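*Asks:* To start, I am sharing the structure in question, which I have written as structure tokens.
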Amino acid sequence: MLRSLALALASLLTPLSALELQLPTENHHLFTGEPEKFYMYVDRIFEGETSKPWEGGAYGYVRTPLRIGKDVVLTKFHEGIDIKPDKRDKAGNPLDLIMAVSDGIVVHASDVAGRSNYGKYIVVEHNYGGDAFYSLYAHLAKVTVKAGDPVKMGSVLGQMGYTGDGFYGSNVRAHLHLEMCLKMSDHFDGWHKAFSGGLNHHGNYSGLNLAGMDVATLYLEHKKNPALRIQDFVLNSPAYFKLTIPRDGEWDFARRHRWMVKGDIMEASPSWELSFTATGLITGIAPSQRPVSEPVVTAVRDSRVNHRHLTRGLIDGQGDKAVLTRSGKQLLALLTDDFPIPTPATSVTPASSAAPAGE
């Protein structure tokens, strides 16, 4: 809580700064025009044909093709990028060290492979212009940092592996899964209890609470323009649909990401209009004078294919009409903290047994 308050205050006082960014491994083929050497392929069988497209390791809708009439649509969303190993040992195990993409602080280090589809993974918080963004490094063989460790760009975080979902015990497709994200809620455990159930091993750093952006395009745009600000990259990401929602009191996400709000955040209005990419990443918030009693899809990109297939099921409909689905409503609930937020337990610790400061 104190960190988020400090970042919110800093965002009002600190000008948005240029992005400092490097790739997390020694595989730099993203910049050489050889994507097949950079991305880890996926195994695909479609309409009787077997293939290994490198595109399946890229960001976005790159997996699970579905034929709809004359169209073939890739329907499964991949929230990050899968980077191939640069070095392997004689047994085929990757030797690549995983490095922090930018200065920051480790906020989560999960060293138990079975607790997530990510396997062993790390989340690093970066302060860009007074605002928090998060890089996520997944499927690691080894984690060599812990939560609370400060890191510099290029600091070693662990070693590439093949833990988590989709490997079936084989090292053939070993890779690093990398994401660059916005954190949706500071109260994820309440949403998890309301909508998911089971144990939440990862607190606010569950992948469900981290909305990934198109990190490969971010790298390429930053290569072309080293003065690029990550906030501008998000704001300029193309919107697929817009929601208008009732405005009811202070909204924590908008307060934390003041740069995303168009105009005056204090401007009185009955509603907010939110812009989303097709993947569900929020890219803009604007006061709206449209009175609504519940969330309404007020704009959508025209499509002859059902929007459900193009938005991972967040909205449903066709053409220029759409409605929010159950999944879309749950995403919006997470973004707006529209769920019961557990009250932190309080206890009194006798002075004689108080833990030392910092523990």
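The values are calculated or read from the model by the stated rules, or taken from the named source; none is laboratory data. Just so it is clear, the model here is predicted, and its values are computed rather than measured. Note that each Cβ is placed from the backbone with ideal geometry, even for glycine, and that neighbours are counted across all protein chains shown. Ligands, DNA and RNA are stripped out before the accessible areas are found, and what is left, the full protein with its side chains, is counted by its heavy atoms. Shrake-Rupley method; radii C 1.70, N 1.55, O 1.52, S 1.80 Å.
*Asks:* Using θ = phi - 60° and the Karplus relation 6.51 cos²θ - 1.76 cosθ + 1.60, list the HN-Hα couplings for region 156-168 in order, rounded to whole Hz, with x at every Gly or Pro.
*Replies:* Running phi through 6.51 cos²θ - 1.76 cosθ + 1.60 with θ = phi - 60° gives 6, 9, x, 10, 4, x, 8, 8, x, 7, x, 9, 6 Hz.
*Asks:* Follow-up. Using 7 Å Cα-to-Cβ label points, what is the residue 217/residue 258 separation (nm, one decimal)?
*Replies:* 2.8
*Asks:* Any idea of the accessible area per residue across the chain, 1.4 Å probe, to the nearest Å²? Please list the in-between numbers first.
*Replies:* On the way: 17520 Å² over 359 residues.
Using a 1.4 Å probe on heavy atoms only, each residue of the chain averages 49 Å².
*Asks:* What figure in square angstrom, to the nearest 10, would you give for the accessible area of residue 20 with a 1.4 Å probe?
*Replies:* Accessible area of residue 20: about 110 Å².
*Asks:* Amide H of residue 298: which non-local residues (sequence gap of 5 or more, or other chain) have their own amide H closer than 5 Å, using H built in the peptide plane?
*Replies:* HN-HN under 5 Å from residue 298: 242, 243, 244.
*Asks:* Further, regarding this structure: As a test of the formula, what do you get for the chain when each DSSP H run with n ≥ 4 contributes -39,500 (n - 2.57) and the sum is divided by the residue count, at 222 nm and rounded to the nearest 500 deg cm²/dmol?
*Replies:* Values: 8 runs with 60 residues, N = 359.
That calculation yields -4500 deg cm²/dmol at 222 nm.
*Asks:* Further question: Along the charge dipole of the chain, Cβ charges K/R +1 and D/E -1, which of 35, 204, 156 sits furthest on the positive end?
*Replies:* 35
*Asks:* Next question. Among 104-110, 317-323, 304-310, how do they line up by average Cβ neighbours within 10 Å per residue, starting with the highest?
*Replies:* The peptides rank, most packed first, as 104-110, 304-310, 317-323.
*Asks:* At a threshold of 8 angstrom on Cα-Cα distance, excluding pairs fewer than six apart, so keeping six or more, what relative contact order does the chain reach in percent?
*Replies:* Values: 773 pairs, mean separation 52.8, N = 359.
Once normalised by length, the contact order is 15 percent.
*Asks:* Explain nothing, just the number: relative contact order of region 75-191, from Cα pairs under 8 Å at least 6 residues apart, as a whole percent.
*Replies:* Reported as a whole number, the value is 32 percent.
*Asks:* Here's another thing I want to ask about it. Can you send over the solvent-accessible area of residue 97, 1.4 Å probe, protein chains only, in Å² to the nearest 10?
*Replies:* 90
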